[in-house]
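What follows is a short report on a single structure.
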Amino acid sequence: MTTAGVPGGTAYDAVVLAGGAARRLGGADKPAVRVGGRTLLDRVLTACEDARSTVVVGTRRPTGRPVVWAREEPPGGGPLAALDAGVRRCEAETVLVLSADLPFLEAATVRRLLGALAAGAEAVLLTDAEGRDQPLVGAYRAEPLRREIALLATEHGSLSGLPLRLLTRELDLARVAADPLASFDCDTWEDISTARARIREHGQVLDEWITVVKNELGIRLDVDTPGLLDLARDAAHGVARPAAPLTTFLVGYAAAQAGGGPEAVAEAARKAAALATRWAEEAEGADAPKPPGAGPDEGGSRGGAASG
């Protein structure tokens, strides 16, 4: 099986660790905490939506897309025990491992990790701004991952309470340095506040809002935001302010009737924009004939009235 959007079309399974006591959050259900209108878990699930199968290790809860659920033994046994429970449900030769508290992780970072794994390492880890390995933002080859987990279980008698570094130090590692935001995780309420403020910054808020709406409505479509904003502006200025949201709604409806997709949206937007331009020209009298002898700046509605 191949996976769209992944280098070389490589199929992969994803394991998302969504357990833990969240002590620094006062015991709050961290995966369910919302940032930008979406739970932290759903934000991570969006970043790995190309996975052939996604296993979430933790308490079952509503999610924005279908997943497979697993629990570590014993419950609360720590990240290595949780990883083992997730990997047992995977079948692909490549496993993407993520924590459920990464509000800014994007598909581009996932693709970079998977692409780097193709160079031959047993695992590729993201590094944070200080150069520290992030084992819960990494791509792993399934066979050596299972091998080392089994050896650790045999050596220690149990995986409960064992740190992830015992695993990663036994693997042939490669590393990918990414945008510091990609490795930003939410361990405290201060982190949550920082993340919420970040997505409301002027340069981010519109893209974040469009993404959230698409996920809420189950839409998979690249939105031509500048084009639709231009259309809304033309409708508001050339017709009336309430025409802006209604026109963009009708463009979306027309595109859906035409089969959906970027081409259908673009064509519907083009027609509506042309109509808004014609409407504005009529209001300004721009299409009225100029009176005899009118100069280049004369005409329009004044010329039309004089000729009557």
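List of remarks:
- With 0.36 nm allotted per residue and the present C-alpha distance subtracted, the residue 249-residue 190 stretch has 17.5 nm of extension available.
- Computed from label points 7 Å out along Cα-Cβ, the spacing between residue 214 and residue 282 is 3.5 nm.
- Efficiency of FRET from Cβ geometry, residue 158 and residue 53, R₀ 35 Å, rounded to 0.05: 0.85
- Under Karplus coefficients 6.51, -1.76 and 1.60, residue-wise ³J(HN,Hα) of the range 133-140 in Hz, glycine/proline x: 5, 10, x, 9, 9, x, 10, 10
- Only one residue of 39, 126, 20 has its Cα farthest out toward the positive end of the dipole of the chain, where Lys and Arg carry +1 and Asp and Glu -1 on Cβ, and that residue is 20.
- As a fraction of the 1.4 Å probe accessible area of the chain, surface on carbon and sulfur atoms comes out at 52 percent.
- Solvent-accessible surface of the chain, averaged per residue with a 1.4 angstrom probe and all protein chains in place: 54 square angstrom.
- In this simple spin-label approximation, residue 201 and residue 258 carry label points 7 Å from Cα along the Cα→Cβ vector, and these lie 3.6 nm apart.
- Shape of the range 68-118, Cα gyration tensor, a/c cut at 1.5: oblate
- Taking the range 1-132 and dividing mean pair separation by its residue count, relative contact order in percent (alpha carbons under 8 Å, at least six apart): 32 percent
- A DSSP coil position with no more than 10 other Cβ atoms inside 10 Å describes the following GluC sites (Glu not before Pro) in the range 169-270: 201.
- Centre separation in Å (Cα based) which lies between the range 196-236 and the range 63-85: 33 Å
- Peptide packing for 101-112, 139-150 was compared via the average number of neighbouring C-beta atoms within 10 Å per residue; ordered from the highest value, the list is 101-112, 139-150.
- Selection among 280, 164, 140 by position relative to the dipole of the chain gives 164 as farthest towards the positive end (Cβ unit charges, Cα centre).
The values are calculated or read from the model by the stated rules, or taken from the named source; none is laboratory data. Here the structure is a predicted model, which is why all the values come from computation and not from measurement. Note that we place each Cβ from the backbone using ideal geometry, even for glycine, and neighbour counts take in every protein chain shown. The area values use the complete protein model at the heavy-atom level, side chains included, leaving out ligands, DNA and RNA. Shrake-Rupley method; radii C 1.70, N 1.55, O 1.52, S 1.80 Å.
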